[in-house]
Every structure is written in C-alpha cells, then in structure tokens.
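Student: One structure, as structure tokens, below. Some questions next.
The values are calculated or read from the model by the stated rules, or taken from the named source; none is laboratory data. Please read these numbers as outputs of a predicted model, since none were measured by experiment. Cβ atoms come from the backbone with ideal geometry, glycine included; neighbour counts cover every protein chain shown. We work out accessible area using only protein heavy atoms, side chains counted, and drop any ligands, DNA or RNA first. Shrake-Rupley method; radii C 1.70, N 1.55, O 1.52, S 1.80 Å.
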Amino acid sequence: MLRFVVSRLAQAVPVMFLIATATFFMVRLAPGDPFADEKRIPEEILANLRATYGLDQPLAVQYGRYMRNLLRGDLGPSYKYTGRSVNEIISQSFPVSLELGLEALVLALLLGLPAGLVAALRRNSAWDYLPMATAMAGICLPAFVLGPLLALVFGIWLGWFHPMGWNVASDRVLPALTLGLYYAAYIARLTRAGMIEILSQDFVRTARAKGLPEHVVVLKHALTGGIQPVLSFLGPAIAGLLTGSFIVETVFFVPGLGRFFVNAAFNRDYTLVMGTVLFYAALIIVLNLAVDVVQAWLNPRAREAMG
Amino acid sequence: MLLDVDNLRTYFHSRHGTVRAVDGVSFSLGAGETLGVVGESGCGKSVMCMSLLGLIPQPPGRIESGRARFGGVDLLACSASELRAVRGCRISMVFQDPMTSLNPYLRVSTQVVEPLLYHKGLSQPAALEQAIAALDAVGIPDAARRIHAYPYEFSGGMRQRVMIAMALVTRPEILIADEPTTALDVTVQAQILERVRTMQRELGTAMILVTHDLGVVAGVCDRILVMYAGRIVESGTVRAVFGTPAHPYTAALQKSIPALHRKGDPLYTIGGQPPDLRREIAGCAFAERCEFAVECCQRPVELRPLTAEHWTACTRRLAGDITLPGAGTTSR
C-alpha cells in the first residue's frame, strides 16, 4: 500500500512540472500584462514596476527563476494585490473554499445517498420517480440560476438567511446548498444505478436465500458494491467542490480562493494564476489518489494487488 | 411428506407478453429423499426452485397459484418473516455459478457464519467454530486459516464447496441444489457430488437436485421429475423412468446421451425448438416435436399414474397406444 502511494506521488512530479511549464507560457501568451490598466501609467513607472518583478528579463530567465522558487515552495509575490505573496493569498482564502466545499459535500452525501438508495429499493414507484426527476432538474440547473433563486426565496422573501455574506454560521447554508445540490443529484443517480446493478447480482440472491433480513442484505451485502460508482465520482466531485465554487463565491460574496483565481486571470496576475493552478492541480492529484486508496481498501482484490 | 407442492404456477409479466415459466407443477418430497429435476435449459427448473423460497424477482415475476406445504407453513403464502425463518435454515439452496454467488466484498468467514448468527442465535466465536467444521467437512484443506480469505482466493470448485458448506451449516431439512456442478470442471464435478451425497446421508437432508446431466440423476437420485416447457411430463423412481420411459420427451432425452451411442454414430438431437412460453399451450407442449403426436395430443393433458410410482403426461402412452424404447438405465 505504501509503495503504491509513493509511486503515485512520484508520478505526480512530472505531471506538476508539465502543468507549471504549460501554464507559465500560456498566461504570458494572453494579450496585456499585469500593469496594463485603464488609467495611463507613466512609461518610467511602468518600466520600474516591470524591473522590480523581473518582467523585463528574457522569458527563459523568468521561467528559470520561477521554477527555482517553485522548488522551494515560493509562489512569488502577487502583481495585483501589492505586498501580498501568492502563498499568503492561498493560505488565507483557501480555508474558506475548503469549508464551503466540505459543507456542500456533506450536504450532497446526506441528500444523495439516501435518495438514491430509496429509489433503487422502491424502483418504478413515486419514491423512485420523484427524487430522480428532482435530481435531473438539479443537474440541469446551473449555479448562477440556482444561487440567486435561493437567495431570493430564502434570503429576501422568507428572510430565513442572509442573502449574501460569510459572517455567521447560517450564512453557510445557501452557498453550500447551491454548490452541493448538483453533486447531490449526481450522487443520487449514481447510487441508484449502482444499487440496482448490485441488487440483481447472484450474491445478493445468495444472501436472501440465507434468510437474512432485508436491511442486512441491502446494507451489508449490497451497499459496498453499490456505492463504488459514487466513490469513483467522489474524487472529481471533491475537486469540483473545492475548485468550482467560483460562481457560488461570487453570487454570495464568499471570500474564497475561487474568486481570487478568476480575478487573477482577468488581471493577468501571472504569479497568482500560476500559484492557483498549481495548487488546484496538486489538490486534484492528491484527492484522486485518496479515492483510489479508499476504493482499494473496500475491494479486497485491489487491496492485494497494491501490495 | 416433508414438502408438498401443489399446482405451482410462476409467470413473468413483460411488455412482450406473459411468460409461463412454471405452469402447474405438483410434486412431493419425502424426508431424506433425493429428487432429481431434469429438462433442457429454460424449461422452468430453476424458476420452480426459486419460487419455493420466494427468490423470484417480483415484479416481473409473480406466483399465480399453488401451495407448497412445508411443516405446517405454506411457503407460497406465508409472511416474509416466516419465509425468512425457513430459508437458509430449514431449506437451503446452492446455486449454479459459484464464481458469482459469493459476495466478493466479504470474507468467506463472514458469509458462512451468517446463517448460524441469524437463525441459530449463536455467538460469533461459536458460529466461527462450526463454520470451520463445515468447511472442513466439504473438503476444504486448512479450513481454519482459509476461512478468513476472500472468495477470489478460491477456485471455482472450492467456492462451490464453500456454498455447500454454507447451505448445510444449519443442518437443513431440504437442500435445493440448482445445477451445482454445471459450471465446474468434469473432474471436480464428481468430487463435489460425492461430497454432497456424503453430507446428505450424515445429516439426513432431503435434496432437490436440478440438473441436465441424466448420468448424475441416475447415479444420485431416488426419484426424478422430467420437466418440459414449465410442466412435469413424467415422474417416478429413477429405475422406472430410465428403464421404461413413459413419455416421448424422456425417451428422446435419453437417446441424446452421447455415451449411449456407438462411437462414430451421428449424435441424436431432438428436432425443433422448445415452444415459446408466451403462447398459451392447450395440449401437450411437446407435441410439435414429438414423432408420436396425433390429433388427440392437442387436447389438455395432465400427469396421471401409470403405476403407483411412475406417472406420465403422455395421453397416448396412458392409453397404451405407443411403446417407447427403454434405454437401460445405469449401463453407462
């Protein structure tokens, strides 16, 4: 198991290197630069700024210096948020995104798993059709529609929650719901499909033939296999929840990393774009690895193969 | 009688019509007796067995009629919890494919102790001890250690031994074995059957053995049911049915055993296909493939006694119109 983890992490090194290189040159291909602003900045000041950040050097030199700093874990200064380093921005804003993402994930699992399970067990009944139709709507409805809708209904009309902000505990509800519903819907559909597949397996029939109570058949014999599709989906889902919260963060004014990321791209804040991309890439690699480990742990055969 | 099945009908309702998988089957099983059920694929053998234990997926399946009396309970009409108390405890079942019938996610130990935990109320250590003894009894070497392995670490033959041990661990009164050796190697088949026979004798368990291997039936069973298109066409003692088959279908089945032919002879096959079970069949279901069929075969038929221990559904044989060649049973 340890060897598997170590070798997967070793494989991640060239991947990270490629991502860093590609991003470095791609952001610079985009027209404009960090200091091109609406208001004119005198030539001398601009030159001075560029010299300060080393942007006057040849690209190869900039690249070499960036990679050297990267190896030390230094993501450089932000060009736009003066006086703050990229490391600082990430370490300050990511916890907010992390909290939002985890709350959305818990919500998605709490809603999706039971709904899918019930739908699979009461197939072709109202217990199946109603949650599945809702799930379909949940998948189709984009966050920029759902978010304002929830804010309008629960924030303004009903007044149960603040329509935006990130100050008190109840402010977490609407953003987490907006972010989590899509994943809840997906998880519900995956759970249903997985459980229906497993419940028709021979070994479930064996469990029934043994005279086991239905809840033992479902929870002990069928569930492990039935939620495999959900587990595979959790890797991308968690990554998506942690990185894809930009819209939600914007709608509800949540001070998370997602907002910094997109603003950085608009501002051509090269180092912040690079830093965020690399951070997200590392996050996705680690999450996928974690999901593989959990999945292997649930599947005895794969566990063996990993040594 | 230990088990008395009367007029069992199991239909499957689909968009393309109603499939009459089991259509009016009656038989009984005595304590300790071994009953063979033979017939070609799709004739309703497995569905019949699974109907008895309520293992038919409903929908699309439905038990349309019938009674199955087992020790004062009607298995087809009793409550779900009554049925659960019987399954895996007093009536156990072994399935055809050992590769898929064990749960790949759970250790063998977990699976074999389950009947003991849920039916006998044993503690985990006591159940584990009995489970190890059961695996030992079906010939799994080093059972005390192997029991903690996962199913994928066992070969097909060994998995079927696990299935048999699991089925017999509660000392059931009836073991339903649905083609237990079909998926196995020929060399392993004989060992497994022998093991089941030994266990059966030791525990006094009655057995319903579903198979399409007539040789197995001849060697193992006391009585035999021959099924065709969801109905029983002939039943009786092995000696009577194989010695003097009383239904053209049985005779034809026997004729198709390759071992009974001289080397080099063309293999005998029964012409035509089994009937489409979505169609209502008024008369004898075998009539359209039967060399002896005449007009009266289109009228409703029923299983009637030829002698006390030999019944047939062939109208013409019952009337004494035809004589069928006996193949000589155990001369393999």
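Student: Under the condition of being farther than 18 Å from A:G275 by Cα and either small (G, A, S) or touching a Pro at 6+ places or on another chain (Cβ under 7 Å) (or both), which residue from region A:26-62 is surrounded by the fewest Cβ atoms within 10 Å (Cβ to Cβ)?
Tutor: Once the filter is applied, the top-ranked residue is A:A60.
Student: So which pairs qualify, if the first residue must be in region A:139-166 and at negative phi, the second must be among the charged types (D, E, K, R), the Cβ gap must be under 9 Å, and the two must be at least 6 apart or on different chains?
Tutor: A:I139/A:R189; A:F161/A:D171; A:H162/A:D171; A:M164/A:D171; A:W166/A:R172; A:W166/A:E249
Student: Can I ask one more? Tally the residues that are surrounded by fewer than 16 Cβ atoms within 10 Å (Cβ to Cβ) and within 13 Å of A:M1 (Cβ to Cβ), restricting the search to region A:263-292.
Tutor: Result for region A:263-292: 1.
Here is a yes/no grid of residues against (1) of a type outside the set (F, W, Y); (2) more than 24 Å from B:L106 (Cα to Cα); (3) within 14 Å of chain B (Cβ to nearest Cβ); (4) more than 18 Å from the chain's Cα centre (by Cα):
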residue: A:A207; (1), (2), (3), (4): yes, no, yes, yes
residue: A:L234; (1), (2), (3), (4): yes, no, no, no
residue: A:V254; (1), (2), (3), (4): yes, yes, no, no
residue: A:V291; (1), (2), (3), (4): yes, no, no, no
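Student: Does A:F260 satisfy being under 29 Å from the mean Cα position of the chain (by Cα) and outside any helix (DSSP H, G or I)?
Tutor: It is false that A:F260 is under 29 Å from the mean Cα position of the chain (by Cα) and outside any helix (DSSP H, G or I).
Student: For B:V112, which of the numbered conditions (1) more than 7 Å from chain A (Cβ to nearest Cβ); (2) without any contact (Cβ under 8 Å) to a residue 40 or more places away in the chain; (3) assigned to a helix (DSSP H, G or I); (4) within 30 Å of A:A296 (Cα to Cα) fails to hold?
Tutor: All conditions are met except number (2).
Student: Right, another one. Could you go through region B:195-216 and let me know if any residue there is of a type in the set (D, E), at pLDDT below 85 and open to solvent by 20 Å² or more (accessible area, probe 1.4 Å).
Tutor: Checking region B:195-216: at least one residue is of a type in the set (D, E), at pLDDT below 85 and open to solvent by 20 Å² or more (accessible area, probe 1.4 Å).
Student: Looking only at residues that are of a type outside the set (G, A, S) and in contact with a Gly (Cβ under 6 Å, 6 or more places away or on another chain) in region B:66-98, which one is farthest from the other protein chains (Cβ to nearest Cβ)?
Tutor: Of everything passing the filter in region B:66-98, B:L76 is farthest from the other protein chains (Cβ to nearest Cβ).
Student: Any residue that is over 30 Å from B:R15 (Cβ atoms), among the small types (G, A, S) and surrounded by 16 or more Cβ atoms within 10 Å (Cβ to Cβ) - is there at least one of those in region B:252-274?
Tutor: Yes, some residue in region B:252-274 is over 30 Å from B:R15 (Cβ atoms), among the small types (G, A, S) and surrounded by 16 or more Cβ atoms within 10 Å (Cβ to Cβ).
Student: While we're looking at this one, here's another question. Taking region A:211-257 as the search range and keeping residues that are among the hydroxyl-bearing types (S, T, Y) and in a helix (DSSP H, G or I), which one is surrounded by the most Cβ atoms within 10 Å (Cβ to Cβ)?
Tutor: A:T243
Student: Could you give me the residue pairs with C-beta distances under 8 Å whose first residue belongs to region A:55-83 and is at negative phi, whose second residue is part of a helix (DSSP H, G or I) and open to solvent by 70 Å² or more (accessible area, probe 1.4 Å) wherever it lies, and which are 6+ apart or on separate chains?
Tutor: That search, which allows pairs on different chains as well, returns A:D56/A:R50; A:Q57/A:R65; A:L59/A:F25; A:Y63/A:F25.
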